[in-house]
Every structure is written in structure tokens, then in C-alpha cells.
Amino acid sequence: MSQYTLHCFAQSGNAYKVAFYLQAAGLPWTPRWVDYFKAGETRAAAWREQVSEMGEVPVLEHGGRRYSQSGAILTWLAEHTGHFAPEGAEERYEALRWLLWDNHKFTSYYATLRFLVGLQKSGESPVTEFLRMRAQAAFAVADKHFEAKPFVLGAKPSIADFSLAGYAFYDEETGMDWAAYPALSAWRERMRALPGWVHPYALMPGHPLPA
Ligand SMILES: N[C@@H](CCC(=O)N[C@@H](CS)C(=O)NCC(=O)O)C(=O)O
């Protein structure tokens, strides 16, 4: 039996942050598919009671405990396994800073834009225009950062990179032009080149969506 079970689904970049980490770290893990779209599993009272009160994926199970929030999970994994761990207090602070920024500004707007435009095919609206504007602002911040550093903390990838990489490899159309952010795009290629990299649709179950 695997040491780690990850409640996830293929379309979830937030789950991919942890799945990609586990894969790149070479840790033994098993996915547990969550029927988010059709059955609305995460919205069921029983799921919230038994798996996560926050009603969100990913959830990691290990040693009889459940862990949620990708940033907290990655931090916990780094501390307990040593893989991709920030080194020393200054790097731990830096990693936390970028994890929070990723959750609030980078992943959140881009993932919501991709959900609406790329998955739900919502078409354009003031909401998608706003989300794209915010995603562009976040992409510009990350692009500037990667002009100076190959990875978030410096020479080596860390948990902060896995967090930022959650939605970087999905191909759905979002109206975002990655080519306009060359340093960010180059970082994405460095992440793709890490041993263990697998596209999210091949790494986690549930793609294509069952009819
Ligand atoms: N900050 C959370 C975000 C998790 C998240 O939004 N997960 C989505 C799937 S990608 C979800 O389960 N959403 C359910 C909901 O918002 O009700 C994390 O990083 O784990």
C-alpha cells in the first residue's frame, strides 16, 4: 500500500501541485479520484465531514491523518521528507511568501479564468476580462522574478515552484499569451524538464471527464 493517498482529479491544478511534487520527489503515492464535476462530491456533507471541512481538493492522507491546502501540504511534505525543502529560516520565509502570493494572486485568478473560459466555455464577459487582467498582472510579477532567478528561491526548485506550477501545463485556451512572459515561460520549461514530470491529465485520474 502506498504511503500517501491524494484525493484529486485531473482537472485540478491545485491537486497537481502536490501530485507533481510527490512524483518528482519519488514518493510512493496513490490517487483517489474525486468526482468533482458530476457528483459534486466535495459539496456533499459527508465528504466535508470525512475528508475536508473546507470542501476542497487536494487532500493528502498519510499515517492516518488528512492534510489539506496545497501550500500547507507542500510545506508539511518538505519538512517531513526533506524533498524540495527551503533551507534555513530565510528561505522558509521566502517560500511562505511565494506560496501565499501564488494562492492569492497567481493561481487563483488564472485558475478561475481557465475554469470559466477553458473548461466551462463561458465565453467572454466582464468577469473573464477582469480575471484575465489580474492574471496578466500576476504573470508580469512572476516574469520579472524569473528574469533574475531560475527558480523561485534561486538555483534549485523548491515547494514554491511546485505551487506556482499547478496550472502551468494545462492546454485549454484562456486568452493568456505565455509568449509575452519569456522568463516565466522559460521557468515553465525548467519545471517540465524536472525528472518525474508528467502532464496533469496523465498523472491524475479523471481525464477526459466521464460522459
Ligand atoms: N487554496 C486551496 C485551493 C483549493 C481549490 O480551490 N481546489 C478546488 C479544485 S482545483 C476545489 O476543490 N474547489 C471547490 C470549491 O471551491 O468549492 C489549495 O491550494 O489547496
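Of all residues in the stretch 76-99, those satisfying the criterion of being touching a helix residue (DSSP H, G or I) at 6+ places or on another chain (Cβ under 7 Å) and part of a helix (DSSP H, G or I) are Leu77, Ala78, Thr81, Ala95, Trp98, Leu99.
Counting only helices (runs of 4 or more DSSP H) that fall entirely inside the stretch 102-211 and contain at least 2 residues that are within 21 Å of His7 (Cα to Cα), the qualifying elements are 107-113, 159-164, 200-203. Considering only residues in the stretch 146-199 that are polar (S, T, N, Q) and farther than 17 Å from Arg114 by Cα, the one that is surrounded by the most Cβ atoms within 10 Å (Cβ to Cβ) turns out to be Ser158.
Remark: pairs (first residue in the stretch 138-167, farther than 17 Å from Lys17 by Cα; second residue outside any helix (DSSP H, G or I) and among the hydroxyl-bearing types (Ser, Thr, Tyr); Cβ separation under 6 Å; 6+ apart in sequence or on different chains) = Phe139/Tyr181; Asp143/Tyr181. Of the residues Glu90, Glu41, the single one that is charged (D, E, K, R) and crowded, with 18+ Cβ neighbours inside 10 Å is Glu41. Within the stretch 93-109, the set of residues being in contact with a Gly (Cβ under 6 Å, 6 or more places away or on another chain) and of a type in the set (S, T, N, Q) comprises Asn103, Thr107.
Within the option set Thr42, Thr5, Thr75, being hydroxyl-bearing (Ser, Thr, Tyr) and more than 15 Å from the ligand (Cβ to nearest atom) holds for one residue only, Thr5.
Considering only residues of the stretch 68-97 that are more than 16 Å from His7 (Cα to Cα) and of a type in the set (S, T, N, Q), which is farthest from the chain's Cα centre (by Cα)? Result: Thr81.
Each reported figure results from applying straightforward, stated rules to the coordinates on display, with no laboratory input. If you're wondering where the values come from, they're calculated on a predicted model, not measured in any experiment. Neighbour counts run over all protein chains shown; Cβ positions are idealised from the backbone, glycine included.
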